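The values are calculated or read from the model by the stated rules, or taken from the named source; none is laboratory data. Here the structure is a predicted model, which is why all the values come from computation and not from measurement. Every residue, glycine as well, gets a Cβ built from its backbone with ideal geometry; the counts of neighbours run over all protein chains shown.
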Amino acid sequence: MKPFPIPVFGESPFPPQEEDEALAIVSPGEMAVFRMPLRRAPATREEEHAAAAVIAEFLARMDAQEIDGAEQPGFDLHGLPPGVIRVLNETLGEGEVSAKLGDRTEVQETAFAGIWRVRIAGPGGEPVSDTLEASTLPRRVRERARGATGIEIPPTPPGLMNAPALLAEILARAGRYREHGTGHVVNLTLLPMTPEDLAYLDAALGRGGVSLLSRGYGNCRITATALDGVWWVQYFNAADTLILNTLEIAAIPEVALAAPEDLADSRARLADCLEGLREG
């Protein structure tokens, strides 16, 4: 079977900036991933103390508010002095999961699993929001991932083998998911599929408003379809070759979510970093 990668990320909505607010976009294969800038100059004690105060307040909100509850723990970083942002960038680092939404929103997990940076760009590409959030996945991503409850089935072109029957199964599974919350995974790599089959499925299911990348050994690229609860989940090796191609029926594929135990560990590690900032 020929590889049929579903493209995930395009260009970043955040234009490069100068000095401390610069964003570096790197591209592993077809993917564009936001990376935190490195500290370019030593921070002052005032900047470190201000960054420590932000982290302390954020940890307090993590303790006081329920993760993934009605009000998720968060902190608005937009408008903080560049030196303080620089210290926070260096302290928080960058994790394995990132997301791009179609509304100029870019999400990057920090080095602390379950603690995220959510950035929103204005119409001209200028940053208008920068939020630190604790959650299994930011609410904005979940909301944007909601798709339609039905799709228009396109005509069947020549060259199809299993796509029509498989599409019927996916539609039935998606209906059961919406009714009963029952998830399912279809491993396309193990099925006899022609390139025309895959192209037909892609055209029929369409694209939703969320694309995610989970980086570890290789990449896992997760793309919402236009049908609610149906996702392309594709695994690529370090050479960017497609090695596992699946359609997953779930609210959010589990590979994109931070586990509760990860959040607890992140809270403890971030508290240790806070002490380091305070001690200088």
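Observations
- The listed residue being surrounded by fewer than 19 Cβ atoms within 10 Å (Cβ to Cβ), outside the structural domain of Thr149 (by TED's automatic domain parsing) and more than 13 Å from Val97 (Cβ to Cβ), out of Asp240, Asp265: Asp265
- The residue pairs whose first member lies in the range 158-175 and is in contact (Cβ under 8 Å) with a residue 12 or more places away in the chain and under 19 Å from Ala224 (Cβ atoms), whose second member is surrounded by 16 or more Cβ atoms within 10 Å (Cβ to Cβ) and of a type in the set (A, V, I, L, M), and whose beta carbons are closer than 6 Å, counting only pairs six or more residues apart or on different chains, are Leu167/Ala204; Arg173/Ile249; Ala174/Leu227; Ala174/Val230; Ala174/Ile249.
- Residue among Arg207, Arg119, Arg173 that is outside the structural domain of Ser266 (by TED's automatic domain parsing), over 27 Å from Ala238 (Cα atoms) and modelled with pLDDT of 90 or more: Arg173
- Looking across the range 265-280, the residues that are touching a helix residue (DSSP H, G or I) at 6+ places or on another chain (Cβ under 7 Å) and not small (Gly, Ala, Ser) come down to Arg267, Leu270, Cys273, Leu274, Leu277, Arg278.
- Taking the criterion of being within 30 Å of Ala204 (Cβ to Cβ) and free of Cβ contacts under 8 Å to residues at least 60 places away in the same chain, the residues of the range 240-280 that qualify are Ile243, Leu244, Pro253, Glu254, Val255.
- Residue check, Glu179 outside the structural domain of Asp265 (by TED's automatic domain parsing), out of contact with any Asp or Glu (no Cβ under 9 Å at 6 or more places or on another chain) and in a loop (DSSP other than H, G, I, E, B): no
- Breaking point among (1) of a type in the set (Val, Ile, Thr); (2) assigned to a strand (DSSP E or B); (3) within 22 Å of Trp231 (Cα to Cα), for Thr136: (2)
- Of all residues in the range 214-251, those satisfying the criterion of being under 12 Å from the mean Cα position of the chain (by Cα) and at pLDDT 95 or above are Cys220, Arg221, Ile222, Thr223, Ala224.
- Hits in the range 45-62 - residues which are in contact with a strand residue (DSSP E or B) (Cβ under 6 Å, 6 or more places away or on another chain) and not aliphatic (A, V, I, L, M): Phe58
- Looking across the range 64-79, the residues that are acidic (Asp, Glu) and without any contact (Cβ under 8 Å) to a residue 40 or more places away in the chain come down to Glu66, Glu71.
- Residue tally, condition without any contact (Cβ under 8 Å) to a residue 12 or more places away in the chain and not in a loop (DSSP other than H, G, I, E, B), over the range 80-130: 0
- Criterion violated by Met193 - all others in (1) touching a strand residue (DSSP E or B) at 6+ places or on another chain (Cβ under 8 Å); (2) surrounded by 20 or more Cβ atoms within 10 Å (Cβ to Cβ); (3) in the same structural domain as Ile243 (by TED's automatic domain parsing) satisfied: (1)
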